[in-house]
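No lab work stands behind these numbers, since they all come straight from the coordinates. Owing to the predicted nature of the structure, the values given are computational and were not obtained by experimental measurement. FYI the Cβ positions are ideal-geometry reconstructions off the backbone, even for glycines, and counts take in every protein chain you see.
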Amino acid sequence: MKPSRHIIASLTLGGLLWLFTKSVYVGSLCFASGILVDVDHVLEYIIHHGWKGLTFKNVYRACEQTAKQEGKMRFKKIYIIFHTGEAVLLLWAITVYTKNIYLLAITIGFSLHLILDCIGNSLRPFSYSVCWRAINKFDSNKLFIENRE
């Protein structure tokens with residue numbers, strides 16, 4: 001999903017949480033966590049390309065799910081370590097256990113990000129499970145619907 005859509009959705013949800021809780025920190029944490037999940041795309045770029053040419057534009061182009069080279073995904077393996085359902089479940093478990101409002105804001109923002117990605121990206125079921133990706137050796141051709149053989 002495009003970063004602009006994550007920004008709009010996270011800003012909206014963060015603003016609503018700020019209005020509801022009267023805490024600028026809660027709203028800001030929700031907003032930030034809804035966007036910062038994508039830092040793993042930068043890590044993905046560095047893994048595949050090193051530090052050379054590291055710009056927002058290059059990272060976006062290289063990681064865009066539809067970006068293909070000669071009919072194949074640009075990255076043979078995709079790790080996206082923060083885009084995992086397991087991380088969301090762990091965050092929710094810790095949030096419920098601690099009942100911490102700031103952790104709740106982070107968890108809501110993080111969850112929103114993954115929900116939007118699940119809706120907006122053409123991935124196969126379970127592609128947001130790090131366990132499933134590991135079983136499939138992080139092979140990008142097994143993640144994206146467009147790459148069905």
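Across the chain, the relative contact order, built from alpha-carbon pairs under 8 Å that are at least six residues apart, equals 29 percent. Length available on full extension from VAL39 to SER129: 0.36 nm per residue minus the Cα-Cα distance, which gives 30.6 nm. Ranking TRP18, VAL59, ALA87 by how far each Cα lies toward the positive end of the dipole of the chain (charges on Cβ) leaves VAL59 at the top.
Ordered by the count of other Cβ atoms within 10 Å of each Cβ, fewest first, HIS6, HIS49, HIS83 give HIS49, HIS6, HIS83.
Taking +1 at the Cβ of each Lys and Arg and -1 at the Cβ of each Asp and Glu, which of PRO125, HIS113, ASN136 sits farthest along the dipole of segment 3-147 towards its positive end, judged by Cα position relative to the Cα centre? Comparing the listed Cα positions along the dipole, ASN136 ranks first. Between amide H atoms placed 1.01 Å from N, distances below 5 Å from SER129 occur with GLY85, all of them 5 or more places distant or on a separate chain. Using alpha-carbon positions, what is the distance between the centroids of segment 1-45 and segment 105-149, in Å? Computed from Cα coordinates, the inter-centre distance equals 19 Å. A simple spin-label model places the labels of ALA32 and ILE145 3.5 nm from each other, with each point 7 Å out along Cα-to-Cβ. Using a Förster radius of 30 Å, what is the FRET efficiency between LYS76 and LEU11 based on their Cβ-Cβ separation? Nearest 0.05, please. Here the calculated transfer efficiency is 0.30. Using a simple spin-label model with pseudo-atoms 7 Å out from Cα toward Cβ, ASN121 and LYS22 lie 3.9 nm apart. Within the listed set LEU90, LEU43, LEU112, the Gaussian network model of the chain (springs between alpha-carbon atoms below 10 Å) gives the highest mean-square fluctuation for LEU90. Taking other Cβ atoms within 10 Å as a rough exposure proxy, CYS63, CYS131 sort from fewest to most as CYS131, CYS63. FRET efficiency for the pair SER4 and LYS99, taken as 1/(1 + (r/R0)^6) with r the Cβ-Cβ distance and R0 = 41 Å, rounds to 0.75.
Once you order the gyration tensor axes a ≥ b ≥ c over the Cα atoms, which shape class does segment 9-57 get: rounded for a/c under 1.5, otherwise prolate or oblate by comparing a/b with b/c? Prolate shape, in that a/c is at least 1.5 and a/b is the bigger ratio. Dipole check for the chain: with +1 at the C-beta of Lys and Arg, -1 at the C-beta of Asp and Glu, and the Cα centre as origin, the magnitude is about 240 Debye. Go through [x] 2, 10, 17, 20, 19, 14, 9, 6, 2, 1, 0; [y] 2, 10, 19, 23, 23, 15, 6, 2, 1, 0; [z] 1, 8, 15, 16, 16, 17, 13, 7, 3, 1, 1, 1, 0, 0 and flag the label whose value is the computed P(r) over Cα pairs in 5 Å bins from 0, in percent for this structure. Matching entry in [x] 2, 10, 17, 20, 19, 14, 9, 6, 2, 1, 0; [y] 2, 10, 19, 23, 23, 15, 6, 2, 1, 0; [z] 1, 8, 15, 16, 16, 17, 13, 7, 3, 1, 1, 1, 0, 0: [x].
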